[in-house]
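Since the structure comes first, as structure tokens, the remarks are kept for the end.
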2 protein chains.
Amino acid sequence: MSESAPIRSDDLDGVIVGETAISDVQGQTGLLSYRGFAITELVDVPYLHVVWMVLFGEWPDEQQKSKLKQFMVRHTKLNHAEIDLLQQVGRDLHPMLMLQGMVPLLQIPDDRMLGVDDDAEHGLFIAAKITGLIAAHYRLSQSKVIMTPVPGKLFHENFLQMFHGTLPTPEQRHMLDAAQILQMEHSFNAGTFAGRVCASTLAPIQSSISASIGTLFGKLHGGADQAALEMAMEIGSPDKADAYVKECLANKVKIMGMGHREYKTVDPRAKILKPMAVELCQDEESKRLLATLIAVEEACQREFGAKGKEIWANVEFYKGAVFHSLGIPTHFFTAMFAMARVYGYVAHYLEFKKNSRLIRPRAEYVGHPAGSRDRTAA
Amino acid sequence: MSESAPIRSDDLDGVIVGETAISDVQGQTGLLSYRGFAITELVDVPYLHVVWMVLFGEWPDEQQKSKLKQFMVRHTKLNHAEIDLLQQVGRDLHPMLMLQGMVPLLQIPDDRMLGVDDDAEHGLFIAAKITGLIAAHYRLSQSKVIMTPVPGKLFHENFLQMFHGTLPTPEQRHMLDAAQILQMEHSFNAGTFAGRVCASTLAPIQSSISASIGTLFGKLHGGADQAALEMAMEIGSPDKADAYVKECLANKVKIMGMGHREYKTVDPRAKILKPMAVELCQDEESKRLLATLIAVEEACQREFGAKGKEIWANVEFYKGAVFHSLGIPTHFFTAMFAMARVYGYVAHYLEFKKNSRLIRPRAEYVGHPAGSRDRTAA
């Protein structure tokens, strides 16, 4: 610490707080890569193979592929204790609060089957439970029976069946794979950083993941996906987008899902998601929502362009249209984000614990000097 | 952000990340003050009056004192839904995981009685529930009935009765008041900072408090209290302290509860707690534990002194002896810490939301360059 010239940065924008080999965000050129693979190279890779690559930096061998698939099916299924607990959670509780709360309450089993270190196996266990919890919380909110995953089925095939009660089409499953791969990891975002601050005290992995989920919930972060689609629903149709955007800008209201602190060009995830959304959104309502989103992005670009500035939609913006067309209710969007991003959280926990030190910044004290006030009124 | 010379600090030691008027930590001189009052001025003030001062920066008036007292009794009592939920939580689950998980699952009522803003009332509601949850989780772990608070009784009188089933002596209640006042707030520690990162995304107060609790759990932070007393139990008696300390230093093992990143002199909280511990620890076992702790601190000071360095015990060190003599089991120490520190978390949430901006640091990418790897093995 330098007493003479302390560093001050309230939002830590541009402050480097560590090294990572997990993902690389190149904001100027709009590139995102995981473990050395551009995301465009990964969107068609089987989902659990990408999971393994993000966590461990290598492709799984045949035995690891098979074991991981079995492991995820086994633990996506909730046991009796977990169902009993979830039954007592409020059925209208926001899914993100449900996840943040349920993760620390999970009883993590001692047996191991993956041949990886304990934290990695715990992390994958938690990721599987999150998948099962999201589906079960939705089923309970609809007064429907909780479904169980089927061995042999693909990861998101099982998830969509557990959520809706019916098997998805191969196209739907593929869209979900791709959307989730795109959101799996994004370097030191706020949620990942909160998990890192938590891990820096040597708290266990479930505490760290829960802290990350709570942080992802905020509407300036993951919660933007819900907010962006709700905005499109509120606007109602593409012809009203221009007036909406102008009013927001006049009143300095933030337009959810537009712009990104890191990307100074198009968000590489939005670039992939936008044509996917166009392809998936076939019914009238989905088409109108998507057209409204596109009109909002264009109106923003016109307004910013008039001031010589550029702006693009970020990943949250079109993702909502994809999720909506997959039948996911708006208030479950951020939980779907968490269901994918959890693998990034686990990867960062594993990487950080190798070389961790307590993260503890400073405050500038601007209050009353010590001993200057009247204690008699206490 | 400066592209030419980015700032790098992995642990943020000395990096100022914001302003606060809540507490002032003067590490060089060993002074800690809340809202302009040195902690020595506050240890004898009624507990809930200190709570109000920490949250709002003013003493409560008579009506506020009366309403806060009623409010805390009302909400320390768990309702049926909360008890049903807690019944399903594993009885041997660590109390800190229980708290981190239960806080986001709480249904926060809409009615208001304190005449303060919504987040402040929500925060005090959560603080009251944490108090009730700790006592109830302990009772369930002992297969004993859950007790309810009694209107008119003092805050920690109720807590100790709900925990043990019997009323504490005035001395015991006073010791707990003082110990909890000393740990109520401590500027931007890791837990408070994690809560701030969470709040910076506009996540709700229960998410922020839960993230802080998860961070406090780590043994380099709040968890040090449990670790320090367990160390004293493991050492067994004062005569073995010297050999223990020498072995730790030879093997570069951290001695829990010794030293503090902020204080370069005696921790002002330890200074108050040490004589309190001496006064309270009257039975043989407590006396032996305390004597062992004192012997460890002295041995550390000798060893560090020989190298020209100084070291002191921090707040976690003697607090354990106080809690132990109050009949609190070791694995509940950190939850007791959370029960007090939650008021600091609430105060920071209220202060931060007035002027918040997304906290998002950067990473230095040290992995494979994008597009450099073989995808065929996927």
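The values are calculated or read from the model by the stated rules, or taken from the named source; none is laboratory data. Computed from a predicted model, the values in this text were never measured in an experiment. Cβ: placed from backbone, ideal geometry, glycine included. Neighbour counts: every protein chain shown. Calculation scope for accessible area: heavy atoms of the full protein, side chains included, ligands and nucleic acids excluded. Shrake-Rupley method; radii C 1.70, N 1.55, O 1.52, S 1.80 Å.
Highlighted here are the helices (runs of 4 or more DSSP H) found entirely within the range A:258-339 that include at least 2 residues which are touching a Lys or Arg at 6+ places or on another chain (Cβ under 9 Å), among the small types (Gly, Ala, Ser) and crowded, with 17+ Cβ neighbours inside 10 Å: A:268-280, A:284-306. Residues in the range A:35-65 that are of a type in the set (S, T, N, Q) and either away from chain B (no Cβ under 11 Å) or free of Cβ contacts under 8 Å to residues at least 40 places away in the same chain (or both): 2 in all. Answer yes or no as to whether A:Ile181 is closer than 30 Å to A:Asn355 by Cβ and not small (Gly, Ala, Ser). The answer is yes for A:Ile181. Considering B:Leu68, B:Leu32, B:Leu78, the condition of being more than 30 Å from A:Tyr263 (Cα to Cα) and either within 7 Å of chain A (Cβ to nearest Cβ) or part of a helix (DSSP H, G or I) (or both) is satisfied by B:Leu68 alone. Can you tell me how many residues in the range A:66-80 are open to solvent by 60 Å² or more (accessible area, probe 1.4 Å) and either modelled with pLDDT under 95 or of a type in the set (A, V, I, L, M, F, W, C) (or both)? The total comes to 0. Checking the stated criteria, B:Pro170 turns out to be out of contact with any Ser or Thr (no Cβ under 7 Å at 6 or more places or on another chain) and either free of Cβ contacts under 8 Å to residues at least 12 places away in the same chain or basic (Lys, Arg) (or both). Among the residues here, B:Leu85 does not qualify as within 14 Å of another protein chain (Cβ to nearest Cβ), touching a Pro at 6+ places or on another chain (Cβ under 7 Å) and open to solvent by less than 40 Å² (accessible area, probe 1.4 Å). None of B:Leu273, B:Leu290, B:Leu280, B:Leu249 is over 15 Å from B:Ala313 (Cβ atoms), within 22 Å of the chain's Cα centre (by Cα) and of a type in the set (A, V, I, L, M) except B:Leu280.
Only one of the numbered conditions (1) of a type outside the set (A, V, I, L, M); (2) closer than 26 Å to B:Ala211 by Cβ; (3) assigned to a helix (DSSP H, G or I) is not met by A:His186, and that is (3). Scanning the range A:186-214 for residues that are within 23 Å of A:Gly30 (Cβ to Cβ) and open to solvent by less than 10 Å² (accessible area, probe 1.4 Å) yields A:His186, A:Phe188, A:Asn189, A:Ala190, A:Gly191, A:Thr192, A:Phe193.
When A:Leu350, A:Leu326, A:Leu280 are checked against the criterion of being over 30 Å from A:Pro168 (Cβ atoms) and touching a residue at least 60 places away in the same chain (Cβ under 8 Å), a single residue qualifies: A:Leu350. Evaluate the range B:123-130: report whether one residue or more is open to solvent by 40 Å² or more (accessible area, probe 1.4 Å) and of a type in the set (Lys, Arg). No. Taking the criterion of being part of a helix (DSSP H, G or I), in contact with a Leu (Cβ under 9 Å, 6 or more places away or on another chain) and within 14 Å of chain A (Cβ to nearest Cβ), the residues of the range B:346-366 that qualify are B:Ala347, B:Leu350, B:Lys353. Scanning the range A:91-118 for residues that are within 14 Å of another protein chain (Cβ to nearest Cβ) and either part of a loop (DSSP other than H, G, I, E, B) or farther than 14 Å from A:Phe163 by Cα (or both) yields a count of 19.
Restricting to the range B:30-66, give me the number of residues that are closer than 22 Å to B:Met276 by Cβ and not acidic (Asp, Glu). So the count comes out to 20.
Only helices (runs of 4 or more DSSP H) whose full extent lies in the range B:203-250 are considered here, and the ones with at least 1 residues that are farther than 30 Å from B:Ile359 by Cα and among the basic types (Lys, Arg) are B:241-250. Note on the range B:13-26: residues that are touching a residue at least 24 places away in the same chain (Cβ under 8 Å) and either surrounded by 16 or more Cβ atoms within 10 Å (Cβ to Cβ) or more than 23 Å from A:Thr201 (Cβ to Cβ) (or both) total 8. The condition (being buried (at least 18 other Cβ atoms within 10 Å of the Cβ) and not small (Gly, Ala, Ser)) is satisfied by just one residue among B:Pro109, B:Pro104: B:Pro104. Against the test of being within 21 Å of B:Ile213 (Cβ to Cβ) and at pLDDT 95 or above, the options B:Gly165, B:Gly132 yield a single qualifying residue, B:Gly132. Checked against (1) touching a Gly at 6+ places or on another chain (Cβ under 8 Å); (2) open to solvent by 10 Å² or more (accessible area, probe 1.4 Å); (3) over 16 Å from A:Phe333 (Cα atoms), A:Glu171 meets all criteria but (1). Taking the criterion of being open to solvent by 10 Å² or more (accessible area, probe 1.4 Å), at positive phi and of a type in the set (Gly, Ala, Ser), the only residue of the range A:215-257 that qualifies is A:Gly236.
Say whether the condition of being under 22 Å from the mean Cα position of the chain (by Cα) and on the phi > 0 side of the Ramachandran plot is met by at least one residue in the range B:166-175. No, because not a single residue in the range B:166-175 is under 22 Å from the mean Cα position of the chain (by Cα) and on the phi > 0 side of the Ramachandran plot.
Condition check ((1) surrounded by 22 or more Cβ atoms within 10 Å (Cβ to Cβ); (2) over 23 Å from B:His80 (Cα atoms); (3) at pLDDT 95 or above) across all residues:
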| site | (1), (2), (3) |
| --- | --- |
| A:Ser33 | yes, yes, yes |
| A:Pro46 | no, yes, yes |
| A:His49 | no, yes, yes |
| A:Leu55 | yes, yes, yes |
| A:Trp59 | no, yes, yes |
| A:Gln64 | no, yes, yes |
| A:Leu99 | yes, no, yes |
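A Cβ distance below 7 Å, combined with a sequence gap of six or more or placement on separate chains, defines the contacts here; from the range A:254-269, residues that are outside the structural domain of A:Ala299 (by TED's automatic domain parsing) and under 14 Å from A:Tyr318 (Cβ atoms) reach no residue that is of a type in the set (Phe, Trp, Tyr) and not in a loop (DSSP other than H, G, I, E, B).
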